[in-house]
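Notes follow once the structure below has been shown.
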Amino acid sequence: MSNETRQAFTKAYGEKESIQTYFCPGRINLIGEHIDYNGGVVFPAALTLGITACISKREDDVVRFSSTTIPGMVEIRLRDTLSNKSSQNWANYPIGVLAFLQKEGYALSGADVMFSSTLPDGAGLSSSAAIEVLTAFMFLVENGHPEPNRVWLSTFAQKVENEFIGVNCGIMDQFSVANGKKGQGILLNCNNLDFRYVPIELGNYRLVILNTHKRRELADSKYNERRAECDEALAILNQSGTYPDLCSATTESVQSLISDPVIRARAIHVVTENQRVLEACRVLEEGNLVRFGQLLNESHFSLRDLYAVTGKELDVITEAARSHASCLGARMTGAGFGGCAIAIVEKNAIQEFIRIVTEMYESACGLVPSVYVSEIGEGLRKMS
Ligand code: GLA
């Protein structure tokens, strides 16, 4: 991918003396969904799929962004990044990063940049977090600033997404793409950003990503609605207790104190999902993949029945996956309402699994899924 990106770079901008290459992966979340903004623990991992960028610094303050998949070049002056948004939506992620780096006081020069991506577009594998983290890292390094601390980098990129892009996401995506390690999941406490790596050792099983190709249209509005419902649940609980966040409540307190059935259901998902994350890491470390798979299923059912963020396509594809004897468990991953699911599947049966799941999903939903056997990869890095 880096050779192709480099060729595309020289085609767009001509030969340059110094062209540097950087990579940032996407992520999946193994378990712990809609937990990061509720102060609990999540368990994501970085992928080997991701975004590559070739960059060459300029002497002036012009920045040019291109992508191998989207036609057209976006050009902006550094001093205009705070006030101007591009009509090319994708370019607003790197533009927002440059605006906010300057706001933080970092001196930057212009640059020519070519992006290319192996992440399926709009599939909920965190391509926006990847482009934010990647842009911040490479502009800081190329401008001679010290290599940024990755926890800082994650919170910085989240701030860009919240305040410049206007999406009220939690910290999970930016954190996992910045801090991923090959073969390891990240058990992250979203309250204090303490984390530890947990090896993903699946023996004869593999992690499979099922892309529903269902566009996540409702994702942003429903995401904000769920956040508001969680705030409401916490406010009700705190009329009689002192819970710093929803994840520190118990199912008993939720059952006894919250009478609204919708708000109660949302809160029960959050409290039980947080417990599932801890159990999932424990059983994975013990090598109990069968229980790990069951927890993935339970997570999906809770997201479907209590949190209401799955939708027909994710339900059908995970149901099809579970119906195959080689599958230990399956669940949606990310915000929901479309995008991707994950499944743990016995490696020798993967081809047949793909055939059956594709058939079942296509006949029920009229869409052809994409299936990727996924590797857990290294986080953000400089390639050359
Ligand atoms: C999106 C958000 C994350 C997280 C997940 C749900 O991916 O960007 O912060 O809230 O949804 O777990």
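The values are calculated or read from the model by the stated rules, or taken from the named source; none is laboratory data. Treat the numbers as computed from the prediction; the structure is a model and nothing was measured. So basically every Cβ, Gly included, is an ideal-geometry build from the backbone, and we count neighbours across all protein chains shown. Heavy atoms of the whole protein, side chains included, go into the accessibility calculation; ligands, DNA and RNA do not. Shrake-Rupley method; radii C 1.70, N 1.55, O 1.52, S 1.80 Å.
Every residue, every condition in (1) free of Cβ contacts under 8 Å to residues at least 60 places away in the same chain; (2) surrounded by fewer than 19 Cβ atoms within 10 Å (Cβ to Cβ); (3) touching a strand residue (DSSP E or B) at 6+ places or on another chain (Cβ under 9 Å), yes or no:
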residue	(1), (2), (3)
284	no, no, yes
288	yes, yes, no
299	no, no, yes
302	yes, no, no
305	yes, yes, no
309	no, no, yes
314	no, no, yes
319	yes, yes, yes
324	yes, no, yes
Checklist entry - Does any residue of region 29-47 turn out to be hydroxyl-bearing (Ser, Thr, Tyr) and more than 30 Å from residue 191 (Cβ to Cβ)? => result no
Item to check | Residue tally, condition in a strand (DSSP E or B) and either within 16 Å of the ligand (Cβ to nearest atom) or open to solvent by 10 Å² or more (accessible area, probe 1.4 Å) (or both), over region 52-61 | outcome: 1
Checklist entry - Out of region 78-115, which residues are outside any helix (DSSP H, G or I) and in contact (Cβ under 8 Å) with a residue 60 or more places away in the chain? => result 112, 113, 114, 115
Checklist entry - Being more than 16 Å from the ligand (Cβ to nearest atom) and farther than 30 Å from residue 248 by Cβ, is that true of even one residue in region 22-30? => result yes
Item to check | In region 244-282, the residues that are of a type in the set (D, E, K, R) and open to solvent by 10 Å² or more (accessible area, probe 1.4 Å) | outcome: 245, 252, 260, 264, 266, 276, 279, 282
Checklist outcome for this item: Residues of region 215-229 being within 13 Å of the ligand (Cβ to nearest atom), at pLDDT below 90 and of a type in the set (Lys, Arg), in sequence order, are 216
Checklist outcome for this item: For region 127-156 the number of residues that are within 16 Å of the ligand (Cβ to nearest atom), among the small types (Gly, Ala, Ser) and open to solvent by 10 Å² or more (accessible area, probe 1.4 Å) is 2
Checklist entry - So which of 266, 282, 227 ends up being in the same structural domain as residue 294 (by TED's automatic domain parsing), basic (Lys, Arg) and more than 30 Å from residue 122 (Cβ to Cβ)? => result 282
Checklist entry - Going by the conditions given, is residue 67 away from the ligand (no atom under 16 Å from the Cβ), open to solvent by less than 40 Å² (accessible area, probe 1.4 Å), more than 23 Å from residue 144 (Cβ to Cβ) and of a type in the set (Ser, Thr, Tyr)? => result yes
Next on the checklist: Could you go through region 30-38 and let me know if any residue there is assigned to a strand (DSSP E or B) and in contact (Cβ under 8 Å) with a residue 24 or more places away in the chain.
Outcome noted: yes
Checklist entry - For region 157-219, list the strands (runs of 3 or more DSSP E) that sit wholly inside it and hold at least 3 residues that are touching a strand residue (DSSP E or B) at 6+ places or on another chain (Cβ under 8 Å), assigned by TED's automatic domain parsing to the domain that holds residue 320 and surrounded by 19 or more Cβ atoms within 10 Å (Cβ to Cβ); which are they? => result 205-211
Item to check | Filter result (assigned to a loop (DSSP other than H, G, I, E, B) and under 18 Å from residue 89 (Cβ atoms)) within region 116-148 | outcome: 119, 120, 121, 122, 123, 124, 125, 126
Checklist entry - What are the residues in region 329-384 that are of a type in the set (Gly, Ala, Ser), closer than 15 Å to residue 311 by Cα and open to solvent by 40 Å² or more (accessible area, probe 1.4 Å), if any? => result 364, 366
Checklist entry - Does at least one position in region 40-47 carry a residue that is outside the structural domain of residue 332 (by TED's automatic domain parsing), away from the ligand (no atom under 16 Å from the Cβ) and open to solvent by 10 Å² or more (accessible area, probe 1.4 Å)? => result no
Item to check | Evaluation of residue 184 against (1) more than 14 Å from the chain's Cα centre (by Cα); (2) within 14 Å of the ligand (Cβ to nearest atom) (one fails), failing number | outcome: (2)
